[in-house]
Amino acid sequence: MKKQHPQCAKCSVIRCSLKDQNKNVPSYCPTENYPDLLKDSVEKMNLPENLAVNKGWLGYFSEVVNPEKFGEKYAWTRVDEIIAYAKVRGMEKIGIATCYVLMSESKSLTEILENNGFTVVSVCCLCGETNPRDIGMPGNICCNPILQAEILNREETALNIMMGLCLGHDILFLRYAKAETTPLIVKDRALGHNPVAALYQNQNPFYKDRFKKK
């Protein structure tokens with residue numbers, strides 16, 4: 001029988017969070033359908049470079065969920081987590097790839113990171129003043145996310161933070177950036193850069209037709 005596409009988002013069992021192997025899972029469960037990939041991924045997770053990432057995650061997350069500090073996890077912002085992760089990893093230079101409309105936010109982030117002992121390199125999406133016609137695009141100005149990535153590569157940043165790069169430009173940045181990269185702001189012009197709000201709206205009867213196919 002042909003395997004069904006993974007549909008974890010539709011699963012009501014969620015055995016993976018319970019560790020109860022006696023529970024039956026839906027036929028579309030990827031854990032059951034891709035044992036070869038599971039084995040391969042575990043081997044890859046044990047590679048030194050990947051162990052280092054997990055060490056960074058565990059370093060800050062063990063504080064987030066510290067049982068002796070119950071409730072404190074709700075005080076951890078994403079900025080706190082980035083700072084803690086970078087310190088656990090021994091990272092000293094952090095790059096910021098920012099959209100030009102978020103320069104103020106990037107300046108605030110730079111000050112926070114510098115106050116925590118990091119060297120910060122920031123590159124705006126319009127850096128290079130690329131002529132749109134040189135890349136087959138219309139208009140008078142255009143972003144160059146590849147240049148952003150290559151400059152941060154040249155600066156040898158240990159960690160990059162994306163600040164509101166447009167959809168598509170974030171893909172190009174990630175394609176060329178060599179350092180580990182994490183998003184802090186995901187651009188959403190309608191919702192104050194809070195894209196998850198669209199999903200909450202979709203659960204509200206008042207907005208039920210908002211995302212229906214037209």
GluC sites (Glu not before Pro) in the range 12-115 lying in a DSSP loop, each with at most 14 other Cβ atoms within 10 Å of its Cβ, come to 92
Candidates 13, 65, 101; GNM for the chain (alpha-carbon contacts under 10 Å) flags as most fluctuating 13
The relative contact order of the chain, taking Cα pairs under 8 Å that sit 6 or more residues apart, comes to a percentage of 13 percent
For the range 147-191 the GluC sites (Glu not before Pro) that pass both the DSSP coil test and the at-most-12 other-Cβ-within-10 Å test are 156
Env charge @ residue 164, Cβ radius under 15 Å, K,R +1 / D,E -1, value +1
In debye to the nearest 20, the charge dipole size for the chain, taken about the Cα centre with +1 at each Lys and Arg Cβ and -1 at each Asp and Glu Cβ, equals 1140 debye
For the chain, whose charge dipole is built from +1 on Lys and Arg Cβ atoms and -1 on Asp and Glu Cβ atoms, the candidate among 14, 45, 146 with its Cα farthest towards the positive end is 14
Extension length gain for residue 36 and residue 100 (0.36 nm per residue less Cα distance), in nm, is 18.6 nm
Note on the range 21-76: alpha-carbon gyration tensor, axes a ≥ b ≥ c; rule is a/c under 1.5 for rounded, else prolate if a/b larger than b/c, else oblate; result oblate
For the chain, the longest principal axis of the Cα atoms and the Cα long axis of helix 78-88 enclose an angle in degrees, to the nearest 10, of 90 degrees
Across 116, 33, 153, the residue with the highest GNM fluctuation in the chain (Cα network, 10 Å cutoff) is 33
Note on the range 91-198: the mean projected area of its alpha-carbon convex hull, in nm², is 7.2 nm²
Relative contact order of the range 91-214 (C-alpha contacts under 8 Å, at least 6 apart) in percent is 23 percent
To the nearest 20 debye, the range 91-198 has a Cα-centred charge dipole, built from +1 on Lys and Arg Cβ and -1 on Asp and Glu Cβ, of 280 debye
Summing -39500 (n - 2.57) over every DSSP H run of at least 4 in the chain, dividing by its residue total and rounding to the nearest 500, the 222 nm mean residue ellipticity is -11000 deg cm²/dmol
Checked against the structure, the computed Rg and Dmax of the Cα atoms in Å among [x] 18.5, 65; [y] 20.9, 62; [z] 20.7, 70 is the one labelled [y]
Among trypsin sites (Lys or Arg not before Pro) in the range 1-102, those in a DSSP loop whose Cβ has at most 12 other Cβ atoms within 10 Å are 2, 3, 19, 23
Between the residues 159, 29, 173, the Cα farthest towards the positive end of the dipole of the chain, that dipole coming from +1 and -1 charges on the beta-carbon of Lys, Arg, Asp and Glu, is from 29
Distance in Å, no decimals, from the C-alpha centre of the range 141-190 to the one of the range 46-111 is 17 Å
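Since every read-out is calculated from the coordinates, none of them should be taken as a lab result. Small disclaimer: the values here were computed from a predicted structure and weren't measured. Because the Cβ atoms are built from the backbone with ideal geometry, glycine has one as well, and the counts that use them run over all protein chains shown.
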